[in-house]
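Asker: Take this structure, written in structure tokens, and hold onto it; I'll ask about it next.
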Amino acid sequence: MSKARSSVARTGLVHLALGAYTLLALFPIFLVLVNSFKTRAGIFSAPLQLPNAKTFSLIGYETVLKQGDFLGYFQNSLIVTVASIFLVLLFGAMAAFALSEYRFRGNTMMALYLALGIMIPIRLGTVAILQGMVATGLVNTLTALILVYTAQGLPLAVFILSEFMRQVSDDLKNAGRVDGLSEYTIFFRLVLPLVRPAMATVAVFTMIPIWNDLWFPLILAPGEKTKTVTLGAQMFIGQYVTNWNAVLSTLSLAILPVLILYFIFSRQLIRGITAGAVK
Amino acid sequence: MITKDNAVSALTLQNITKRFGSTDVIRGVDLDVAEGEFVVFVGPSGCGKSTLLRIIAGLEDQTSGHVTIAGRNVDVTPPAKRGIAMVFQSYALYPHLTVKGNMGLALKQEGVEKSEIERRIAAAAKMLHLETLLDRRPSELSGGQRQRVAIGRAIVRQPKLFLFDEPLSNLDAALRVNTRIEIANLHRLLGGTMIYVTHDQIEAMTLADKIVVLSAGKIEQVGRPIDLYNKPANLFVAGFIGSPKMNFLTGAAAEKLDATTIGIRPEHIRVVPAGGVWEGKVSHLEKLGSDTFVYVAVEGADMVTVRIVGQADFEVGSTVGLAADEAHIHRFDKDGRAL
């Protein structure tokens, strides 16, 4: 058995499968990156070719940086994403702690109610959300987006985190209680550090759809001041003519911040797993 | 003998009950613990001993009844203000704090002066041989060291009541014996009142001044370890205390002595040549060197265990006679109560 597991052919096949999948996943990104550095003619004549002396051009990036306020768009996207992740993690973890730690009437019903959001897409409520935002005067503000995204991210966060919090040793929490720590201290100092890997997972799952979303920025905050990157990129896509250089450059740039955020969280994820816990 | 009259008892439980939904976990427990006493709660898993300890600690609310610690009713007092300290089965050290931080946290929460905290930590560390480990984190300690830190964390608080929740179950056999002796020494040294929960009757016998045997949420018997061994009040206690288990015989053998069931401990039965009071076939032998356990299948009874001090040899399948030590036969009525 152990012989078979260590056999070269077997390991090779596993690596082959993983490699193939990696290629498949990276191909569109590769295509976007490569073509963002080419002239328009270069993009259309040979889309798979790397840029050479004749087709290399920074025209896309120049357009992006000159037209519109892209730095502002990036800032908007970043504010919305980071604020939403923060709120989702904070409230999600608090709700998860309450559901997993305290016995109270309606605990199970509450957990089911909160999990329901995973199955029902928030976009079904777009009209009602828009009406609400109009009524409260939040249209064309980043607050509107942050509120919607927090609501969108909470169900999954509560679901995942409450599972993980159930695994945190009861003895540890009780030791804190006997030592006179408040429930808040127990939550923030003892429980949260132990579920850090789960927090990182939730952060990544929450972050990507928010960063890539076009629907809610288009409906709730289409104003110039509140445009996000994905919405900003739309101005290069016309009904008849699309400025592909600019679109591809925007998308390439848009990958960067989310990549950085991902690296931050994934490092937390690894550190969380390797740090010695209770036993 | 240990109980002092007039003295305020360290802990009093009055008719404690606990329900989870429709399940009765604790069904009316009354108990009085004198100051300085080492009391062990023992019972099979699910008997409610841990729940009872958590009720004393205030980590669980009793459904009815009263808890009094050192003369003060603590029914609605939070755990930290009850004057208790607790040692947990899984050590439950704070992973983000050093050994020193772990031991000092509760005192810091209480607002004890810094120099006093230092002094108490140093004293506890000396007692538990932790001086060189004070700056380590729990993840850098072995199981035995972690448990000593957990005990140290309890000592520094100078509580009115020490609570131990199966503190040795996570340790390996050799370490368990050492830590058991250490806990006994600690009790002698500190003289504090200790409540100790375990499912291991050897721990109970060796540590306790007073054993409380629990089963299905009720107290079966309270007494000194040796009294529980010599005079079990009922079948449950008779079967639970002592290892190997007491032999129980029903039917004709019991009726001869006016009882429904009779019990004889393995050490009170002798193997005699065939033709004794009972006869049976040897079905298994366990040779421990210091003792030999002989398992004999007796007709009309379950397997009978015989303990022979020293070394002995019998052929499996051979027929032997058994004779019981008349003075050590326990008799029980049809409700399982001792006669």
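Asker: Out of contact with any Cys (no Cβ under 6 Å at 6 or more places or on another chain), outside any loop (DSSP other than H, G, I, E, B) and of a type in the set (D, E, K, R) - does that describe any residue in region A:67-82?
Answerer: No, region A:67-82 has no match at all.
Asker: Looking at region B:253-297, which of its residues are over 16 Å from B:Leu322 (Cα atoms) and touching a Leu at 6+ places or on another chain (Cβ under 7 Å)?
Answerer: Across region B:253-297, the qualifying residues are B:Ala259, B:Thr261.
Asker: Here is a further query. Quick one: would you say B:Asp291 is modelled with pLDDT of 90 or more and acidic (Asp, Glu)?
Answerer: yes
Asker: Spot the failing condition for B:Gly289; the list is (1) on the phi > 0 side of the Ramachandran plot; (2) in contact with a helix residue (DSSP H, G or I) (Cβ under 9 Å, 6 or more places away or on another chain), and only one is missed.
Answerer: Result: B:Gly289 fails condition (2) only.
Asker: Restricting to region A:176-219, count the residues that are touching a Phe, Trp or Tyr at 6+ places or on another chain (Cβ under 7 Å) and without any contact (Cβ under 8 Å) to a residue 24 or more places away in the chain.
Answerer: 1
Asker: Sticking with this structure for a sec: Here is a list of conditions, (1) over 23 Å from A:Leu156 (Cβ atoms); (2) assigned to a helix (DSSP H, G or I); (3) touching an Asp or Glu at 6+ places or on another chain (Cβ under 7 Å), and A:Ala246 meets all of them except one; can you say which number that is?
Answerer: A:Ala246 satisfies all of (1) over 23 Å from A:Leu156 (Cβ atoms); (2) assigned to a helix (DSSP H, G or I); (3) touching an Asp or Glu at 6+ places or on another chain (Cβ under 7 Å) except (3).
Asker: Wholly within region B:186-248, which strands (runs of 3 or more DSSP E) include no fewer than the required count, namely at least 2 residues that are polar (S, T, N, Q)?
Answerer: By residue number, B:193-198.
Asker: On to the next question. Return the residues of region B:110-128 that are within 13 Å of another protein chain (Cβ to nearest Cβ) and part of a loop (DSSP other than H, G, I, E, B); say none if nothing qualifies.
Answerer: Across region B:110-128, the qualifying residues are B:Gly111, B:Val112.
Asker: Right, another one. With region A:157-230 as the region, which helices (runs of 4 or more DSSP H) entirely inside it contain at least 2 residues that are at pLDDT 90 or above and facing chain B (nearest Cβ under 10 Å)?
Answerer: Fully inside region A:157-230 and qualifying: A:170-178.
Asker: What is the number of the single condition among (1) over 29 Å from A:Leu220 (Cα atoms); (2) modelled with pLDDT of 90 or more that A:Gln49 does not meet?
Answerer: Of the numbered conditions (1) over 29 Å from A:Leu220 (Cα atoms); (2) modelled with pLDDT of 90 or more, the odd one out for A:Gln49 is (2).
Asker: Tell me the residue from B:Ala173, B:Ala238 that is hydrophobic (A, V, I, L, M, F, W, C) and either at pLDDT 90 or above or under 28 Å from B:Ser64 (Cα atoms) (or both), please.
Answerer: B:Ala238
Asker: Working only within region A:44-68, note down all residues that are in contact (Cβ under 8 Å) with a residue 60 or more places away in the chain and either surrounded by 14 or more Cβ atoms within 10 Å (Cβ to Cβ) or among the β-branched types (Val, Ile, Thr) (or both).
Answerer: A:Ser57, A:Ile59, A:Gly60, A:Tyr61, A:Thr63, A:Val64, A:Gly68
Asker: Oh, and also: Select from region B:249-261 the residues that are small (Gly, Ala, Ser) and part of a loop (DSSP other than H, G, I, E, B) and write down the one among them that is nearest to B:Thr292 (Cα to Cα).
Answerer: B:Gly251
Asker: Would you check which residues across region B:50-109 are crowded, with 21+ Cβ neighbours inside 10 Å, touching a residue at least 60 places away in the same chain (Cβ under 8 Å), part of a loop (DSSP other than H, G, I, E, B) and within 7 Å of chain A (Cβ to nearest Cβ) and list them?
Answerer: B:Phe88
Asker: Next question, about the same structure. Say whether the condition of being free of Cβ contacts under 8 Å to residues at least 24 places away in the same chain and buried (at least 16 other Cβ atoms within 10 Å of the Cβ) is met by at least one residue in region B:134-146.
Answerer: Yes: one or more hits.
Asker: If B:Ala216 meets every condition in (1) closer than 18 Å to B:Val304 by Cβ; (2) surrounded by fewer than 19 Cβ atoms within 10 Å (Cβ to Cβ); (3) small (Gly, Ala, Ser) apart from one, which number is that one?
Answerer: Among (1) closer than 18 Å to B:Val304 by Cβ; (2) surrounded by fewer than 19 Cβ atoms within 10 Å (Cβ to Cβ); (3) small (Gly, Ala, Ser), the lone unmet condition for B:Ala216 is (1).
Asker: Moving to a separate point now. Restricting region B:129-152 to residues that are farther than 21 Å from B:Leu190 by Cα and in a helix (DSSP H, G or I), which is nearest to the other protein chains (Cβ to nearest Cβ)?
Answerer: B:Ser139
Asker: In the set B:Thr23, B:Thr17, which member is within 14 Å of chain A (Cβ to nearest Cβ) and either more than 26 Å from B:Ile202 (Cβ to Cβ) or touching a Cys at 6+ places or on another chain (Cβ under 8 Å) (or both)?
Answerer: From the options B:Thr23, B:Thr17, the qualifying one is B:Thr23.
Asker: Then there is this: Looking at region A:187-205, is at least one residue of a type in the set (Gly, Ala, Ser) and either within 23 Å of B:Leu105 (Cβ to Cβ) or more than 17 Å from the chain's Cα centre (by Cα) (or both)?
Answerer: No - not one qualifying residue is present in region A:187-205.
Asker: Can I ask one more? On the given criteria, is A:Ala41 assigned to a loop (DSSP other than H, G, I, E, B) and loosely packed, with under 13 Cβ neighbours inside 10 Å?
Answerer: Against the criterion (assigned to a loop (DSSP other than H, G, I, E, B) and loosely packed, with under 13 Cβ neighbours inside 10 Å), A:Ala41 does not qualify.
Asker: Counting just the residues of region A:33-46 that are β-branched (Val, Ile, Thr) and touching a helix residue (DSSP H, G or I) at 6+ places or on another chain (Cβ under 8 Å), which one comes out modelled with the highest pLDDT?
Answerer: A:Thr39
Asker: Say we look at region B:167-184 and pick out the residues that are in contact with a strand residue (DSSP E or B) (Cβ under 9 Å, 6 or more places away or on another chain) and either crowded, with 17+ Cβ neighbours inside 10 Å or closer than 14 Å to B:Val149 by Cα (or both); which of these is nearest to the other protein chains (Cβ to nearest Cβ)?
Answerer: B:Pro167
Asker: What pairs can you find where one residue is in region B:297-314 and of a type in the set (Ser, Thr, Tyr), the other is not in a loop (DSSP other than H, G, I, E, B), and their Cβ atoms are less than 9 Å apart, with a gap of 6+ or different chains?
Answerer: These pairs meet every condition: B:Thr305/B:Asn247; B:Thr305/B:Pro266; B:Thr305/B:Ile269; B:Thr305/B:Phe293; B:Thr305/B:Val294; B:Thr305/B:Tyr295; B:Thr305/B:Val296.
Asker: In addition: Name the single residue that is farthest from the chain's Cα centre (by Cα) among those in region A:237-261 being of a type in the set (Val, Ile, Thr) and surrounded by fewer than 18 Cβ atoms within 10 Å (Cβ to Cβ).
Answerer: A:Val241
Asker: Follow-up. Could you grab the pairs with beta carbons closer than 9 Å, sequence gap of 6+ or different chains, first residue in region A:87-116 and within 17 Å of A:Leu147 (Cα to Cα) and outside the structural domain of A:Thr150 (by TED's automatic domain parsing), second one of a type in the set (Val, Ile, Thr) and buried (at least 19 other Cβ atoms within 10 Å of the Cβ)?
Answerer: Close Cβ pairs (under 9 Å, with a partner that is of a type in the set (Val, Ile, Thr) and buried (at least 19 other Cβ atoms within 10 Å of the Cβ)) do not exist here.
The values are calculated or read from the model by the stated rules, or taken from the named source; none is laboratory data. All values derive from a computational prediction rather than experimental measurement. Heads up, the Cβs are rebuilt from the backbone with ideal geometry, glycines too, and the neighbour counts pull from every protein chain shown.
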